[in-house]
Amino acid sequence: VAKMDNIVYIDQSKKKYNKSQFIRYFEAKVMRTIRKYNMLDKNDKIVLAISGGKDSVTMAYILNKIISKRGKQLDAILIDEGIQGYRNTTIEDAKKFCKEEGINLTIISTKKEFNFGLDDALKKLDMNPCTICGTMRRYLLNKYARKIKATQIATGHNLDDEAQTILMNQFKGNLQLSSKLGPVTGVKDHKKFIKRIKPLYFVTEKEVTIYTTLKGFQVKYTECPNSRNTFRSEVRNQINTIENKFPGTKNGIINSFIDILPRIREKESSKIVTCNTCQEPSARPICSMCELLEKYNKK
Ligand code: SF4
């Protein structure tokens, strides 16, 4: 092996990468995912779900490279969930990034939509912050993506995020939730439900961090204050500990999951209906967002 300076990454097979090799390796991995799952069909209109964090910025950068070559402009939606001291800083990063890249950014605030943000909700409701946050975000993303006639929503989920969610669902014994995972989700038939794609599905959190640093993206690496001491953070620490001792663990979780996903979907498939209250797509007669609104307004 020729001696190489400035090693930035060593992969599982002990192969070493310098800066430009790593960038090529990373982008090729993402491109393979996009091609394999046919994520960017020419007839699709993609909207990016952006937060201003490293994952969504990386995803946005790579998709924008492809889409701008087709002579099209990308749209991005950012949901401001109202998390003081955190979301307001990532919003500034997202604005700057989208401006530089020529991406059309729309910011939707839950305060304007529902009259409350996550911080307000947590003062009233004894609920898991991430459940409230995710419910609001998924609901608004789907609604606003549809408004701009998007056919796919691209999110920045990476391999670590997905491996954690798979194990969390497993520990909770909730396979129904796992049936909604995978590189492409929301393929169910409901005319108001927009498909989700995850171009970073096979790259790890560490790889995204290295890529973001090497590319010099102006993002902050701070974590949401609500992410501490959660079930997810516990599972993340455990997986990282096992991965350090037994490299390849995360890939193992993902690959075996993808193998059995068709069977999980077959077994757990549930019909998507229309919410009786707001007419948005829902797994139940009343959607989680309307349930949350009711709880909040009752208190
Ligand atoms: S950690 Fe939880 S509360 Fe914070 S942004 Fe993520 S989902 Fe929302």
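The values are calculated or read from the model by the stated rules, or taken from the named source; none is laboratory data. All values reported here derive from a predicted model rather than from experimental measurement. We place every Cβ from the backbone using ideal geometry, glycine too, and count neighbours over all the protein chains shown. Heads up: the accessible areas ignore ligands, DNA and RNA and are worked out on the full protein's heavy atoms, side chains in. Shrake-Rupley method; radii C 1.70, N 1.55, O 1.52, S 1.80 Å.
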Can you tell me the relative contact order of the range 78-177? Whole percent, Cα pairs under 8 Å, sequence separation 6 or more.
25
With an 8 Å cut-off on Cα pairs and a minimum separation of 6 or more residues, tell me the relative contact order of the chain in percent.
21
Can you tell me the 0 to 90 degree angle between the C-alpha axis of helix 205-215 and the longest principal axis of the chain, rounded to 10?
70
For the range 138-169, which trypsin sites (Lys or Arg not before Pro) are both in a DSSP coil and crowded by at most 15 other Cβ atoms within 10 Å?
Lys149
Measuring from the longest principal axis of the C-alpha atoms of the chain, the long axis of helix 159-172 (C-alpha) lies at a number of degrees, nearest 10, equal to 50
Do the sum for the chain: with -39,500 (n - 2.57) for every DSSP H run of n ≥ 4, divided by all residues, what is the mean residue ellipticity at 222 nm, to the nearest 500 deg cm²/dmol?
-16500 deg cm²/dmol
Highest GNM mean-square fluctuation among Lys95, Lys19, Lys191, for the chain with Cα springs under 10 Å, belongs to Lys191
Taking all protein chains as present, what is the carbon and sulfur share of the accessible area of the range 151-262, in % to the nearest whole number, probe 1.4 Å?
55
Tell me, what is the per residue accessible area of the range 1-56 in Å², probe radius 1.4 Å?
62
Excluding Gly52 itself, what net charge comes from residues whose Cβ is under 14 Å from its Cβ, given Lys and Arg +1 and Asp and Glu -1?
-1
For the range 164-299, what is the relative contact order in percent, using Cα pairs closer than 8 Å and at least 6 residues apart in sequence?
26
On C-alpha positions alone, give me the angle between the axis of helix 288-298 and the longest principal axis of the chain, in degrees, nearest 10.
50
Accessible area per residue of the range 92-148 at 1.4 Å probe, in Å²?
54
Treat each spin label as a single point 7 Å out from the Cα along the C-beta direction, and report the Lys245 to Met127 distance in nm.
3.8
With a 1.4 angstrom probe the carbon and sulfur portion of accessible area for the range 57-114, in percent, totals 46
